[in-house]
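The values are calculated or read from the model by the stated rules, or taken from the named source; none is laboratory data. Everything quoted here is computed from the prediction, not taken from an experiment. Positions of Cβ are generated from backbone atoms using ideal geometry, with glycine treated the same way; all protein chains shown enter the neighbour counts. Ligands, DNA and RNA are stripped out before the accessible areas are found, and what is left, the full protein with its side chains, is counted by its heavy atoms. Shrake-Rupley method; radii C 1.70, N 1.55, O 1.52, S 1.80 Å.
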Amino acid sequence: MLQTSGVSEDERKRILIIEDEPDIVRGLRDALEFEGFAVEARGTGSEGVATALEWGPDCVLLDLMLPDDNGYRVCEVLRGKNQVVPIIMLTAKAQEADKVRGLDAGADDYVTKPFSVAELIARINAIFRRQARLSATDDTFLIGAWSINARKHTMSRGRTVKRLTFYELEVLKLLREREDEAVSRDELLEKVWGVQPN
Ligand code: CA
């Protein structure tokens, strides 16, 4: 979200790190600032939520194990406050059950510790590229009986309204562009997640 008033406003993309391990925070901050991002870091879930609401980050990197709460809950709290900011979870747990729980909580992506900072930055940049494309296209479209609102990140049918994560919305947008065609898993990974198939 760019500031529109005043030439001195900082127009760098904002990344909020919610993580309590100082070494990881230091490494991430250095790498992200080197990439040209504005970075804030908070060591607890409650401080992280407060900063997210006040600062309006463009992306949140969220540790799963925080001193005062777990990342799933922090994710749910942010989503409950209508924060559609992309959230990438930093987790030491690679089990499928944890990923499903995180997706249910509203996370958009994962990296598993120990992760490569280069890979994380590639994922962040992929999110921002998709957002740029998103903002250049129509806000609403239909898939079957569902009305998709790309600006609000929602899908609705009658009185039922569901929130869409960033990637869910991107998948729907791609399927809409390719209506009546089959889209392969590799193509989804490449176009939506920015992952090159082997
Ligand atoms: Ca931790």
**Prompt:** Percent relative contact order of the chain, based on C-alpha pairs within less than 8 angstrom and at least six residues apart?
**Reply:** 13
**Message:** If you count only protein heavy atoms with a 1.4 Å probe, what accessible area per residue comes out for the chain, rounded to a whole Å²?
**Reply:** 55
**Prompt:** Long-range amide H contacts for A41: which residues qualify at under 5 Å (H placed 1.01 Å from N, peptide plane, sequence gap of 5 or more or a different chain)?
**Reply:** I17
**Request:** For K152, go through the lysines and keep the ones whose alpha-carbon is under 28 Å away, minus same-chain ones fewer than eight residues off.
**Result:** K13, K81, K99, K162, K173, K191
**Message:** Quick check: at a probe of 1.4 Å, how many percent of the accessible area of the chain sits on carbon and sulfur atoms?
**Reply:** 50
**Asked** Given +1 on the Cβ of Lys and Arg, -1 on the Cβ of Asp and Glu, and no further charges, what dipole in debye does the chain carry about its Cα centre, rounded to the nearest 20?
**Response** 680
**Message:** Just to make sure I understand: if all protein chains stay in place, what is the order of M155, M65 by accessible area at 1.4 Å, largest first?
**Reply:** M65, M155
**Asked** Once every DSSP H run of n ≥ 4 in the chain is given -39500 (n - 2.57) and the sum is divided by its residues, what mean residue ellipticity at 222 nm do you get, rounded to the nearest 500 deg cm²/dmol?
**Response** -12000 deg cm²/dmol
**Prompt:** Accessible area of R42, 1.4 Å probe, to the nearest 10 Å²?
**Reply:** 70
**Item:** Protection proxy ranking, peptides 183-191, 83-91, average beta carbon neighbours within 10 Å, highest first
**Value:** 83-91, 183-191
**Prompt:** Among the DSSP beta bridges whose two residues both lie in the chain, what percent are antiparallel, rounded to the nearest 5?
**Reply:** 40
**Fill in**
Under a 1.4 Å probe, counting only protein heavy atoms, D139 has an accessible area in Å², nearest 10, of 60
